[in-house]
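One structure is given here, and the rest of the page talks about it.
The values are calculated or read from the model by the stated rules, or taken from the named source; none is laboratory data. Note that the structure is a prediction, hence the values are computed from the model and not measured. Heads up, the Cβs are rebuilt from the backbone with ideal geometry, glycines too, and the neighbour counts pull from every protein chain shown.
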Amino acid sequence: SAADDTGDSNSDGVTKNEYNLSFDIERTSNFGAKPHIRLWRGNDIEIGACSADEYDGTCTVVVSELSEGEHYIYATAINEMGTSSARSDTVVITIDTEIEAPSEPDLTIGSDSGKETDDDLTSFHSPTFSGTGEPYARVEIINSVSAVLGTDMVASTGLWKVTADEQSLEDGTHLIFARVIDDAGNQSDLSDSLEVTVDTEAPDRMDQPQPNQNGEVSGRLVPDLLITLYNHGEEVSTVETQESGGWFFSMNELPNGENSLTVTATDAAGNESDQSPENQITMQGQGQGTFQQGQGQGQGQGQGANEAPIIDAMFGNNPNNNTWEETRDTDDAFPEFRGWGEPFMDVTLRSNGNRIGENTVRADGSWIIYPDREMHEGNQFITAELVDPNTGRVGPLSDPFEVDIHPAGSGNVMIPTTPQMYWN
């Protein structure tokens with residue numbers, strides 16, 4: 001009957017009910033006023049009977065149980081003379097009482113706009129999710145408060161893809177579930193949840209890029225941003241901000257002649273800021289250039305902290321006495337450097353021009369830096385520079401501090417003293 005047919009329509013013969021199923025039967029007009037109706041399944045297995053009403057010729061057979069799967073149902077009638085009719089047309093009844101939960105939803109590659117394709121960060125309010133489930137079932141995407149965000153059909157392959165309704169996910173972290181509903185009306189349990197973070201707000205527009213005295217374009221923001229350098233609107237290079245938020249590009253990447261530089265910042269979700277104001281730089285040779293800033297001219301040095309910092313000492317293992325102390329000669333690949341500078345400025349330490357570490361100047365003007373990478377063997381000139389954390393502008397370099405590094409196992413062997421002979 002229509003009441004028991006729980007499929008997409010009330011006449012598709014699909015039901016999730018397996019007990020007490022009602023079949024409505026009507027006699028043919030030429031087979032007597034009150035025939036006896038018999039209901040059959042498959043290979044002539046009788047599953048019920050009823051007597052047709054004398055006036056409208058109908059009756060209902062209630063079948064106590066049918067098993068999961070397809071059943072071929074037909075009816076016959078016996079009139080008052082005992083004559084049996086031919087079989088009625090066969091109807092196919094499908095009993096479907098089970099459905100498995102779909103897979104955990106996943107952001108599609110096109111919607112996962114983060115740095116990694118599986119970090120579940122998106123810059124879209126209406127991202128697309130995918131997964132697997134029962135073929136031809138209807139799949140729904142649901143949030144943690146059971147609101148349906150979008151729906152579609154599972155393909156014959158068992159794959160599905162659903163795009164959330166427009167503007168359905170606000171910025172923030174959300175738990176997303178999936179469930180499926182099959183043709184029989186069975187609704188699955190919820191899938192495992194996916195935690196997705198929606199971030200649609202781009203970083204603030206950056207200041208114009210500023211060259212520093214090291215032949216670099218540099219600045220400072222916050223960690224985990226991707227900085228993109230543009231020249232005349234064309235992308236030149238990208239670099240990630242360091243733990244301190246600092247970033248830099250070598251000006252050796254720029255061609256000789258006039259360059260019009262801008263920068264953008266892209267966050268972890270893939271939101272890119274507007275391009276910064278441009279800075280005109282004329283390159284005259286390898287890493288050398290002049291630039292236009294506002295209304296004035298300048299040489300390639302940023303307007304950062306006011307004074308150069310001072311490198312005061314290096315502490316490490318002295319190989320001559322195997323003691324950790326202040327020295328200019330060490331076999332320690334990660335020695336400690338100490339110095340002085342303007343309080344609360346960031347300080348960057350360099351070895352032969354290459355960055356090896358950074359820290360913040362303390363309130364008393366002192367700073368300590370341990371290299372964050374192993375120092376190379378040999379004689380090295382250590383310099384430091386201050387960076388204004390508010391503007392990203394870089395101050396002048398310190399005086400060079402010459403040290404000799406020869407890490408243990410590097411092959412440098414101490415020369416022994418001349419042997420002495422003693423006798424009584």
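A few points about this structure:
- Here the condition is being polar (S, T, N, Q), over 26 Å from the mean Cα position of the chain (by Cα) and not assigned by TED's automatic domain parsing to the domain that holds Asp346; of Asn143, Asn231, it holds for Asn231 alone.
- Within region 373-388, being surrounded by 14 or more Cβ atoms within 10 Å (Cβ to Cβ) and modelled with pLDDT of 85 or more holds for Met375, Glu377, Gln380, Ile382, Thr383, Ala384, Glu385, Leu386, Val387, Asp388.
- Taken as a whole, the condition of being surrounded by 20 or more Cβ atoms within 10 Å (Cβ to Cβ), among the small types (Gly, Ala, Ser) and touching a residue at least 40 places away in the same chain (Cβ under 8 Å) applies to Gly131.
- Tabulated pairs, region 252-267, first farther than 27 Å from Val222 by Cβ, second at pLDDT 90 or above and assigned to a loop (DSSP other than H, G, I, E, B), C-beta under 9 angstrom, 6+ apart or interchain: Glu258/His232
- Scanning region 217-257 for residues that are in contact with a helix residue (DSSP H, G or I) (Cβ under 9 Å, 6 or more places away or on another chain) and among the β-branched types (Val, Ile, Thr) turns up Val217, Val236.
- Residue count for region 96-123, restricted to those that are surrounded by fewer than 20 Cβ atoms within 10 Å (Cβ to Cβ) and among the hydrophobic types (A, V, I, L, M, F, W, C): 2.
- Of the residues in region 343-354, at least one is touching a Ser or Thr at 6+ places or on another chain (Cβ under 8 Å), among the charged types (D, E, K, R) and over 17 Å from Thr241 (Cβ atoms).
- Within the set Gln284, Gln293, Gln288, the sole residue that is farther than 29 Å from Gly114 by Cβ, in the same structural domain as Glu240 (by TED's automatic domain parsing), at pLDDT 60 or above and surrounded by fewer than 18 Cβ atoms within 10 Å (Cβ to Cβ) turns out to be Gln284.
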